[in-house]
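The values are calculated or read from the model by the stated rules, or taken from the named source; none is laboratory data. This is a predicted model, so every value here is computed, not measured. Cβ placement follows ideal geometry from the backbone for every residue including glycine, while neighbour counts extend to all protein chains displayed. Side chains included, ligands, DNA and RNA excluded: accessible areas come from the protein's heavy atoms. Shrake-Rupley method; radii C 1.70, N 1.55, O 1.52, S 1.80 Å.
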Amino acid sequence: MQENYLIISIIAVIAIVLISLFIVVANLQKTVVIESPTPTPEQKEKEQKIAIEALIEIAAKRTSTRNELANAIIRAAKDCPFPVKEKGVAPKVSKIYLNFVLLIASHRNADAKLIAFMDEELKKTNPEYKREIDLYENEGINQRGNRI
């Protein structure tokens, strides 16, 4: 009879230990939060540069469809804001973004509606670049005959 009590006591102790371990592990999993490192401004700028360069490839490709160009415009407006001007002067890296405008405006599959859409979206997200967007857009339109 004492053997039965001993066995039951051992099983109870093992069960309590296992339940305790389960609770500890479950709480550890809840409290351990893995934080991703916050990207530095340099990393953000590098990621944006890679993104705009991918969009430029689409705009530069002669076989890009109107839909591909429209999607590139939407992504540029949403994910690739132009760099902030320093004392009213656009930094050198802004040339990449403005070349995107020129390439879209000069693309053979870009019609007036698409160019107007690009103009509106990019000026909405980059109001300090309105003048530059107009300049590069007009230059692209003037180059349409040369870029076939």
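Reported count of residues in the range 44-87, each being open to solvent by 100 Å² or more (accessible area, probe 1.4 Å), of a type in the set (Asp, Glu) and in contact (Cβ under 8 Å) with a residue 40 or more places away in the chain, is 1. Of everything in the range 91-148, what is assigned to a loop (DSSP other than H, G, I, E, B), touching a residue at least 24 places away in the same chain (Cβ under 8 Å) and within 26 Å of the chain's Cα centre (by Cα)? Give them in sequence order. Of everything in the range 91-148, those that are assigned to a loop (DSSP other than H, G, I, E, B), touching a residue at least 24 places away in the same chain (Cβ under 8 Å) and within 26 Å of the chain's Cα centre (by Cα) turn out to be VAL93, HIS107, ASN109, ALA110, ASN126.
Scan the range 28-42 for residues that are part of a helix (DSSP H, G or I) and modelled with pLDDT under 70 and the total you get is 4.
Taking the listed residues LEU102, LEU69, the one that is out of contact with any Gly (no Cβ under 7 Å at 6 or more places or on another chain), modelled with pLDDT of 95 or more and not small (Gly, Ala, Ser) is LEU69, with no other qualifying.
What is the one condition in (1) open to solvent by 60 Å² or more (accessible area, probe 1.4 Å); (2) of a type in the set (A, V, I, L, M); (3) at pLDDT 90 or above that ALA90 does not satisfy? Failing condition for ALA90: (1). Scanning the range 94-120 for residues that are open to solvent by 40 Å² or more (accessible area, probe 1.4 Å) and more than 17 Å from SER64 (Cβ to Cβ) returns LYS95, ALA112, ALA116, GLU120.
Which one is nearest to ASN126 (Cα to Cα) among residues in the range 62-97 that are of a type in the set (Lys, Arg) and touching an Asp or Glu at 6+ places or on another chain (Cβ under 8 Å)? Taking the candidates together, the pick is LYS85.
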